[in-house]
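Undergrad: Before I ask anything, let me first share the structure, which is written out below as structure tokens.
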Amino acid sequence: MQSTPQFKWLDYAADFMDSKYRIPFTKVRFGADFIVGLVPYGGDLITFGCSGFLVVFMAKHGVSGRVVAKMLGNILLDSVVGVVPIIGDLFDLGYKSNQRNLKLLKAHYQEGKYQGSAWRAVLIVLLVLGSILFLTGWLIWKFLSAVNGFIFG
């Protein structure tokens, strides 16, 4: 893979999100994804957005649409399972979607499949992420409205 400041930043970001810290006296590593994910629902939404940003960054640097689709699958799986209390948190400790996406990016470059910009894939990623964020926000609003109606109604 190219050795540019952008890719060094990407290595740091993936490490920060997935494996920056270690549980003492174990080999278990975790990052901001796990810590922020402990906040029910909202934390998962935040980490989904951060992971989505990393995928957009990777797509912008020329990976194929197929690789972008695999990356999206990784963060969607991480986000969907992450919503389940306790199980999702334990899943975050092992799955590390950002590290997986970085490995996909590195494999893509090492195989020599770099084909220039992937703007179509970037637009699709943005549409998918935007739709999911909109739907999540709408569902949270409906839930809070129902709770408000139940309490004050």
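Undergrad: Please state which of the following conditions G42 fails to meet, knowing it meets all the rest: (1) small (G, A, S); (2) surrounded by fewer than 17 Cβ atoms within 10 Å (Cβ to Cβ); (3) under 24 Å from W9 (Cβ atoms).
TA: (3)
Undergrad: Among the numbered criteria (1) outside any helix (DSSP H, G or I); (2) closer than 21 Å to D18 by Cα, which single criterion is violated by G62?
TA: Condition (2) is where G62 drops out.
Undergrad: Among all residue pairs at least 6 apart or on different chains, which show Cβ distances below 8 Å where the first residue, located in the range 85-104, is more than 19 Å from M71 (Cβ to Cβ) and the second is at pLDDT 90 or above?
TA: Hits for this filter: L93/V28; L93/F30.
Undergrad: Tell me the residue from L129, L72, L76, L123 that is out of contact with any Lys or Arg (no Cβ under 7 Å at 6 or more places or on another chain), touching a residue at least 60 places away in the same chain (Cβ under 8 Å) and either part of a helix (DSSP H, G or I) or not β-branched (V, I, T) (or both), please.
TA: L129
Undergrad: Now, a different point. Check F48, F57, F34, F53 and return the single one that is more than 30 Å from F143 (Cα to Cα) and of a type in the set (A, V, I, L, M, F, W, C).
TA: Values: F48 fails: more than 30 Å from F143 (Cα to Cα); F34 fails: more than 30 Å from F143 (Cα to Cα); F53 fails: more than 30 Å from F143 (Cα to Cα).
Just a single option satisfies the conditions, and that option is F57.
Undergrad: Which pairs turn up if I take residues in the range 134-148 that are within 14 Å of F48 (Cβ to Cβ) and look for partners that are surrounded by 10 or more Cβ atoms within 10 Å (Cβ to Cβ) and not aromatic (F, W, Y) with beta carbon separation below 8 Å, at least 6 apart in sequence or on another chain?
TA: Cβ pairs passing all conditions: T136/L45.
The values are calculated or read from the model by the stated rules, or taken from the named source; none is laboratory data. Keep in mind that what you see is a predicted model, and the values were worked out from it rather than measured. Glycine also receives a Cβ, built like all others from the backbone with ideal geometry; neighbour counts cover every protein chain displayed.
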